[in-house]
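The values are calculated or read from the model by the stated rules, or taken from the named source; none is laboratory data. Predicted model only: the values in this text are computed from it and were never measured. All Cβ positions, even for glycine, are placed from backbone atoms using ideal geometry, and neighbour counts span all protein chains on display. For the accessible areas, the whole protein counts, side chains as well, though only heavy atoms, and no ligand, DNA or RNA atoms are used. Shrake-Rupley method; radii C 1.70, N 1.55, O 1.52, S 1.80 Å.
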Amino acid sequence: MSDASDPIFWRDQALPFIEARSVRDGSKVCYAKHWHETFSIGLIAQGRCNYINRRKAKEVSVGTVVLMNPGDVHACNPVHGEPWSYKMLYIDVPWLCETQGAASIKGAHCFAPFSTIATTQRELYDGLSRLFDILTNPTIAHLEKQTASVSFMGLVRRRLGTSRSMQPARPPSLTRATDFIRQNCTGSISLNDICEEASLSASHLIRAFKGAHGLTPHAYQLNCRVEFGRSLLRAGHSIAYVAGAAGFSDQAHFQRIFKRFVAATPGQYRAYFP
């Protein structure tokens, strides 16, 4: 029997660019600070929560839409254990690039980030709620679902705009460090390995990395492993296989870290992707 705090996931093989998640009662759902490869957008359906994104912290409540660009370190957690509920969409970046490019956003053919992290615009809140219902309704045709997705993201762009200069340029040394961790996340890498790649001292690397990402290099590596693990679970691989492939010492370690970042167990996530 499912509990109100259990997450519900949705994904359709005919619409591989989008994933949905909802929780009826998030009072016991706690996230560590984390990021996604996808663009994330969600709504607070009931209650209120503490929302952190890009080092900004605020309390958001029912009627609010929250947005997280790919790579934005964020977390949403309950206020004093109060009940709250939410609905989220996770949208693949290549698909967004295609839709933004087709809309001729400054001639863009790659994702243009949003500067807004939260909005109470009623049109966006109601639009996201309708899109969530359309996507998760099994009786609605795929063409209608895809059309609704494109239309809603067009509405988001028109109402909120995008910003290509939102984040300051990162030093090449830090970019090398980040890329090295992402490319080698499933293996055993040491702080010395990263420092050598970035040509930085250990203290400088840790300080600069946390300043840029809001996470330590180790937490960032774990997040990369979890994102990789999610992709393997969606592809239908067993939890035991994914734990090893993602670089975890055993299945129990994978379960513990996955739940810390996703606020769901690998089994809960895997159950929705046959």
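Which helices count as membrane-span-like in the chain under these terms: full DSSP H, at least 18 Å along the axis by C-alpha, Kyte-Doolittle mean of -0.5 or more?
122-136, 142-160, 217-234
Around Thr216, under 13 Å between beta carbons, what's the net of Lys plus Arg minus Asp minus Glu among the other residues?
+3
Per the Kirkwood definition applied to all pairs of different Cα atoms, how many angstroms is the hydrodynamic radius of the range 116-227?
17.3 Å
Just to be sure I understand the model, the point goes 7 Å from the Cα along the line to the Cβ. What's the resulting Gln183 to Glu82 distance in nm?
Using points 7 Å along Cα→Cβ, the separation is 4.7 nm.
Roughly how many percent of the accessible protein surface of the range 163-265 is carbon and sulfur, given a 1.4 Å probe and a whole-percent answer?
51 percent
Name the residues whose placed amide hydrogens come within less than 5 Å of the amide hydrogen of Arg54, ignoring near sequence neighbours (fewer than 5 apart) on the same chain.
Distant-sequence amide H within range of Arg54: Val73.
Taking all protein chains in place and a 1.4 Å probe, what share, in percent, of the accessible surface of the range 1-148 do carbon and sulfur account for?
Whole-percent figure for carbon plus sulfur exposure: 53.
Based on alpha-carbon centroids, what's the gap between the range 40-90 and the range 213-253 in Å, whole number please?
Using only Cα atoms to place each centre, the spacing works out to 23 Å.
Suppose every K and R has +1 on its Cβ and every D and E has -1 on its Cβ; what is the size of the dipole of the range 147-255 about the Cα centre, in Debye to the nearest 20?
Around 720 debye, computed over the range 147-255.
Farthest toward the dipole's positive end in the chain, which of Leu143, Gly211, Thr175, given Cβ charges of +1 (Lys, Arg) and -1 (Asp, Glu) about the Cα centre?
The residue sitting most towards the positive pole is Gly211.
Compute the signed sum of charges (Lys and Arg +1, Asp and Glu -1) over the other residues within less than 14 Å, Cβ to Cβ, of Val66.
Net charge in that neighbourhood comes out at +4.
What would the Debye formula give as log10 I(q)/I(0) at q = 0.10, 0.12 Å⁻¹ for the alpha-carbon point model of the chain, no solvent?
-0.54, -0.79
If the chain between Tyr31 and Tyr241 were fully stretched, how many nm would it gain, using 0.36 nm times the residue separation less the Cα-Cα distance?
73.2 nm
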